[in-house]
1. Return the percentage of antiparallel bridges among DSSP beta bridges fully within region 1-101, rounded to the nearest 5 %.
2. Give or take rounding to whole Å, what are the principal axis extents of the alpha carbon atoms in the chain, in descending order?
3. What list of ³J(HN,Hα) couplings, whole Hz, do you get for region 170-177 from phi and the Karplus terms 6.51, -1.76, 1.60, once you set θ to phi - 60° and write x for glycine and proline?
4. How do 69-78, 43-52 rank on mean C-beta neighbours within 10 Å, highest first?
5. Carbon and sulfur atoms: what percent of the 1.4 Å accessible area of the chain do they account for?
6. Any chance you could count the Lys pairs in the chain whose alpha carbons are under 19 Å apart, treating pairs 8 or more apart or on different chains as valid?
7. Search the structure for amide H atoms under 5 Å from the amide H of Asn78, placed 1.01 Å from N in the peptide plane, and list their residues when 5 or more places away or on another chain.
8. Give me the 1.4 Å probe accessible area per residue for region 63-183, excluding ligands and nucleic acids, in Å².
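The values are calculated or read from the model by the stated rules, or taken from the named source; none is laboratory data. The structure displayed is predicted, hence computed values, not measured ones. Quick reminder, even Gly has a Cβ in these numbers, built from the backbone with ideal geometry, and neighbours come from all protein chains shown. Areas reflect the complete protein model, heavy atoms only, side chains present, ligands, DNA and RNA absent. Shrake-Rupley method; radii C 1.70, N 1.55, O 1.52, S 1.80 Å.
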Amino acid sequence: MPACLITATNRGIGYELARTALAKGWTVFGSARAPAAADETAKSLGEGFVPLVFDVTDHDSVQKSADMLSDKIDLLINNAGVIGPQRQSPLDMDMIGFSETIAVNTIAPLAVSHAFLPHLRQSGAGRILTISSQMSWMGYRKSDRLAYRASKAAVNKVMQGLATELEAEGIPVALIDPGWVRTDMGGASADNCPKDVADGVFKIADSLSIAETGKFFKWTGEERPF
């Protein structure tokens with residue numbers, strides 16, 4: 001039975017990713033920051049879901065969770081993310097909030113990938129996907145939500161580098177643009193249904209090969225520019 005690890009499964013895209021994986025017959029290791037949220041998610045999702053409790057920015061906690069796990073992981077989805085502080089324009093930036101956004105959206109996906117890499121190697125067919133954003137695109141100069149934009153542009157580069165390092169091992173690494181999704185972060189007026197996005201992510205995961213490592217995909221499957 002294939003197994004995946006998905007961060008932040010207690011709501012939003014992460015919850016739908018977990019539900020989609022379970023429907024496909026996967027074992028799902030899903031993280032939440034608090035024990036209560038992990039337990040509630042496990043009760044909601046049922047058999048096949050294994051809750052893990054860690055904050056993605058607490059690297060010791062992430063490593064302890066990885067060390068306690070003996071199972072192989074066929075797919076890691078770095079899903080956890082934050083929109084950033086209230087003030088995040090170039091001329092009015094909450095610097096502490098900016099740092100926290102980078103910690104969650106940029107550094108944490110690499111730290112989680114490091115911690116669970118032995119389990120991906122154990123699979124023999126491990127893959128890593130990281131949820132990025134259309135707002136990372138360097139082709140326009142919008143200045144709103146700058147902390148968020150910068151953190152996602154940075155994680156694109158980080159994962160591109162990880163793809164290069166893991167290419168010789170046959171572990172593909174790719175990035176996903178989920179579009180504007182109807183979640184707590186995206187709001188009720190967003191374009192995309194979380195379930196549709198989750199289905200699209202798993203279609204990409206199912207077909208991802210080492211030939212596509214380092215690429216950035218729309219959730220619908222088309223490659224998109226960085």
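1. The antiparallel fraction comes to roughly 15 percent.
2. 50, 40, 34
3. For region 170-177, the Karplus-derived couplings read x, 9, x, 10, 9, 10, 10, 9 Hz, x marking Gly and Pro.
4. 69-78, 43-52
5. The C+S portion of the solvent-accessible surface of the chain is 53 percent.
6. For the chain, the number of qualifying lysine pairs is 14.
7. Leu129, Thr130, Ile131
8. Result: 46 Å² per residue.
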